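This report refers to the structure that appears directly beneath it.
The values are calculated or read from the model by the stated rules, or taken from the named source; none is laboratory data. In this text, all values refer to a predicted model and were calculated from it rather than measured experimentally. Neighbour counts are summed over all protein chains in view; Cβ atoms, including those assigned to glycine, are modelled from backbone coordinates with ideal geometry. Side chains are part of the model used for accessible areas, which takes the heavy atoms of the whole protein and leaves out ligands, DNA and RNA. Shrake-Rupley method; radii C 1.70, N 1.55, O 1.52, S 1.80 Å.
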Amino acid sequence: MADPSPAHYEIVIVGAGFSGLGTTIALKEAGFNDILVIDDAAGPGGTWQWNTYPGVAVDIPSFSYQFSFAQRSTWSRSYAPGSELRNYASQIVRDYSLGGHLQFNTRVQSAAFDGDDRTWRIETSRGPITCSWLIHAGGPLSQPKLPDIDGIDTFAGHTMHTSRWDHDVDLTDKRVGVIGTGATAVQVIPEIAPLTSALTVFQRTPIWCLPKPDFPIGRPGRAALSAVPGVGRLARLASQTFVEATFPVLAHFHGWIPATGLLETAARQYVNTQVNDPELRRKLTPSYALGCKRPSFHNSYLSTFNRDDVTLETNSIERITPNGVRTAAGDEHELDVLILATGFKVTDRDALPTYALTSHDGSDLASHWEDNRFHSYQGVSTAGFPNFFTIFGPYGYNGASFFTLVENSAAHVVRVLEEARRREATVAEVTPDAQEHYMDSILARGHLQVFTDPTCSSANSYYFTKQGDVPFRAATTLESAWQSRRFDLAHYTFTN
């Protein structure tokens, strides 16, 4: 008996985080309903489904960290905790009737475009499927990055990455080590320090940390957001302005508005007021310009190092042993638990996407980008890969709210698919000329960005690819939104 043909869908979206959910909503509103959304997690939310570590919270105001069409008035704080983002994802699924499109606990293993059938053939952990249009909506903060340290598999105690937190491990009165001092570690360290008998933080590169305007939104505040006309809109406007001013404008137009120096001065003063010991202050103060690496906002991270039971270790790690961590200076820190706050695979070869993706001519997307450097059209399409879109592709994100990016990218995809439907086209592909014109326009602004500061070479920032590029969209949020909805459809070829 012949094997049954694999199930076919018009559209398959890989990723059920907010990128996948927002794109599905936009497609459904445009009349596309034959959609399957695949995710290897157990529920919706993406990074907020995976990350449940102590202290997990958003690092931009809640009023910006939400869809413009689904604004929530029930946030408990100005910077919402992770549990509320997981609840928000579930709310989105319910409110927009997305449940029938979602398939969890399923990992995509490969995808190949059949040029004859004009179909994507996808292998998953549950078997093969096919589709006409493939959208990768996997975010950059989903695939844990393990440190390349000798002996990491030999540690006899408990080891866990922050994005896969093991809640069965009790840290009470344990000797705990944390490798990393990035944005996640900044949230974790103050939360677990009071529990442990001793906490050792292994720092390769310090992070710029600024005070966080985080405050509870009480019942009167929530009532005003939901019931008083204009309050929610005003709160979002203030939040959006704050977010735009603190990253897109300062990072991408540093050459015109060199205000990052003012924030750096404020950050230095903040270290001085928070940390008692002068030597600790020196170790916790970065030597690179603010903006080279993702900064963080927290009100108790720096002061945590005043505790007698917290040690900051800045000597490089030589290896991990069965008993703990040995530094290049010959010191061995004995540990019961080792926590890896080492971030995510953002621009790694196996991160975007997380599976082998090949075009009709056999071109592999990962190799294509690795050999030719990252390039795309508005972060959504790549020439040579028809019927394929990325929501968080290279040179698509400008550093504002991820939700703004999702809405812009989804609008771009919908516009292409509506035109394909109007023309009864089965293939759509961005032209090489349009892509390179877009790339030229973005790269032409590179000299204005803060990333050109020579001190960035010491930042160990995930912003930079191995070729030294920073694949951000050097544009304001308004410009990005306009271009996503007004690009010339002649930039695509449509064939039947």
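Residue-by-condition table, conditions (1) open to solvent by less than 80 Å² (accessible area, probe 1.4 Å); (2) closer than 15 Å to T321 by Cα:
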| residue | (1), (2) |
| --- | --- |
| P144 | yes, no |
| G151 | yes, yes |
| T154 | yes, yes |
| G157 | yes, yes |
| R175 | no, yes |
| G182 | yes, no |
One residue from R268, R233, R294, R281 being over 30 Å from D153 (Cα atoms), of a type in the set (D, E, K, R), open to solvent by 40 Å² or more (accessible area, probe 1.4 Å) and touching a Ser or Thr at 6+ places or on another chain (Cβ under 8 Å) = R268
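Criterion first (among the charged types (D, E, K, R) and over 17 Å from F202 (Cβ atoms)) does D336 satisfy it?
On the way: among the charged types (D, E, K, R): yes; over 17 Å from F202 (Cβ atoms): no.
No; evaluated as a whole, the condition is false for this residue.
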Single residue of T260, T273 found to be open to solvent by less than 80 Å² (accessible area, probe 1.4 Å) and of a type in the set (S, T, Y) = T260
Could you list, in sequence order, the residues of segment 132-158 that are under 26 Å from the mean Cα position of the chain (by Cα) and within 25 Å of G384 (Cα to Cα)?
-> W133, L134, I135, H136, A137, G138, G139, P140
Can you name every residue in segment 56-81 that is closer than 28 Å to T354 by Cβ and open to solvent by less than 30 Å² (accessible area, probe 1.4 Å)?
-> V56, A57, V58, S64, Y65, Q66, F67, A70, A80
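Of E407, E418, which residue is within 27 Å of A251 (Cα to Cα) and not in a loop (DSSP other than H, G, I, E, B)? Spell out how you get there, then give the answer.
Numbers: E418 fails: within 27 Å of A251 (Cα to Cα).
The conditions single out E407.
Please verify whether V186 is assigned to a helix (DSSP H, G or I) and among the β-branched types (V, I, T), treating the condition exactly as stated. Outline the logic, then answer.
Values: assigned to a helix (DSSP H, G or I): yes; among the β-branched types (V, I, T): yes.
Yes: the conditions hold for V186.
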First in segment 156-167 and more than 19 Å from R319 (Cβ to Cβ) and without any contact (Cβ under 8 Å) to a residue 40 or more places away in the chain, second anywhere and outside any helix (DSSP H, G or I) and open to solvent by less than 80 Å² (accessible area, probe 1.4 Å), Cβ under 7 Å, 6 or more apart = D166/M160
Per-region count, segment 327-353, residues buried (at least 19 other Cβ atoms within 10 Å of the Cβ), over 26 Å from I391 (Cβ atoms) and not hydrophobic (A, V, I, L, M, F, W, C) | 2
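Tally time: how many residues in segment 125-161 are over 30 Å from T404 (Cβ atoms) and either basic (K, R) or part of a strand (DSSP E or B) (or both)? Before you say what the answer is, go through the steps one by one.
Filtering segment 125-161 down to residues over 30 Å from T404 (Cβ atoms) leaves 125-130, 146-160.
Retained after the next criterion (residues that are either basic (K, R) or part of a strand (DSSP E or B) (or both)): 126-130, 158-160.
Residues in segment 125-161 being over 30 Å from T404 (Cβ atoms) and either basic (K, R) or part of a strand (DSSP E or B) (or both): 8 in total.
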Please find, among P216, P211, the residue that is under 17 Å from Q274 (Cα atoms) and surrounded by fewer than 20 Cβ atoms within 10 Å (Cβ to Cβ).
-> P211
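Checking the conditions here, which among A434, A425 is in contact (Cβ under 8 Å) with a residue 12 or more places away in the chain, touching a helix residue (DSSP H, G or I) at 6+ places or on another chain (Cβ under 6 Å), open to solvent by less than 50 Å² (accessible area, probe 1.4 Å) and not aromatic (F, W, Y)? Show your work before the answer.
Working: A425 fails: touching a helix residue (DSSP H, G or I) at 6+ places or on another chain (Cβ under 6 Å).
The match here is A434.
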Test set (1) at pLDDT 95 or above; (2) among the small types (G, A, S); (3) more than 25 Å from Y301 (Cβ to Cβ) - A80 fails condition number = (3)
Could you check how many residues of segment 328-364 are within 20 Å of the chain's Cα centre (by Cα) and either more than 26 Å from R164 (Cβ to Cβ) or of a type in the set (S, T, Y) (or both)?
-> 4
Scan of segment 437-478 for residues that are part of a helix (DSSP H, G or I), over 19 Å from L290 (Cα atoms), touching a residue at least 60 places away in the same chain (Cβ under 8 Å) and not β-branched (V, I, T), ordered by number | Y438, M439
Check segment 36-47 and report whether any residue there is among the polar types (S, T, N, Q), open to solvent by 20 Å² or more (accessible area, probe 1.4 Å) and in a loop (DSSP other than H, G, I, E, B).
-> no
Give the residues of segment 104-142 that are in contact with a strand residue (DSSP E or B) (Cβ under 8 Å, 6 or more places away or on another chain), surrounded by fewer than 16 Cβ atoms within 10 Å (Cβ to Cβ) and of a type in the set (S, T, N, Q), sorted by residue number.
-> Q109, S110, S125
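Can you find a residue that is part of a strand (DSSP E or B), of a type outside the set (V, I, T) and either crowded, with 19+ Cβ neighbours inside 10 Å or touching a residue at least 60 places away in the same chain (Cβ under 8 Å) (or both) anywhere in segment 191-200? Walk me through how you get there before you give the answer.
Step one: filter segment 191-200 for residues part of a strand (DSSP E or B), giving 198-200.
When the remaining residues are screened for being of a type outside the set (V, I, T), the result is 198-199.
Going one step further and asking which of them are either crowded, with 19+ Cβ neighbours inside 10 Å or touching a residue at least 60 places away in the same chain (Cβ under 8 Å) (or both), we end up with 198-199.
Yes, the conditions are met somewhere in segment 191-200.
If a residue counts only when it is in contact with a helix residue (DSSP H, G or I) (Cβ under 8 Å, 6 or more places away or on another chain) and either among the polar types (S, T, N, Q) or without any contact (Cβ under 8 Å) to a residue 24 or more places away in the chain (or both), which helices (runs of 4 or more DSSP H) contained entirely in segment 230-327 have at least 3 such residues? I'd like the intermediate steps shown before the answer.
On the way: elements: 231-244, 260-274, 278-284.
Hits in segment 230-327: 260-274.
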Segment 468-488: number of residues that are open to solvent by 20 Å² or more (accessible area, probe 1.4 Å) and touching an Asp or Glu at 6+ places or on another chain (Cβ under 9 Å) = 4
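Condition first: among the β-branched types (V, I, T), out of contact with any helix residue (DSSP H, G or I) (no Cβ under 6 Å at 6 or more places or on another chain) and in a loop (DSSP other than H, G, I, E, B). Now tell me which residues in segment 341-396 satisfy that.
In the first step, residues of segment 341-396 are kept if they are among the β-branched types (V, I, T); the result is 342, 346-347, 354, 358, 380, 382, 390-391.
Subsequent filtering for residues that are out of contact with any helix residue (DSSP H, G or I) (no Cβ under 6 Å at 6 or more places or on another chain) retains 342, 346-347, 354, 358, 382, 390.
Residues satisfying the conditions are T342, V346, T347, T354, T382.
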Single residue of segment 20-35 satisfying the filter (open to solvent by 20 Å² or more (accessible area, probe 1.4 Å) and not in a loop (DSSP other than H, G, I, E, B)) that is nearest to N408 (Cα to Cα) = A26
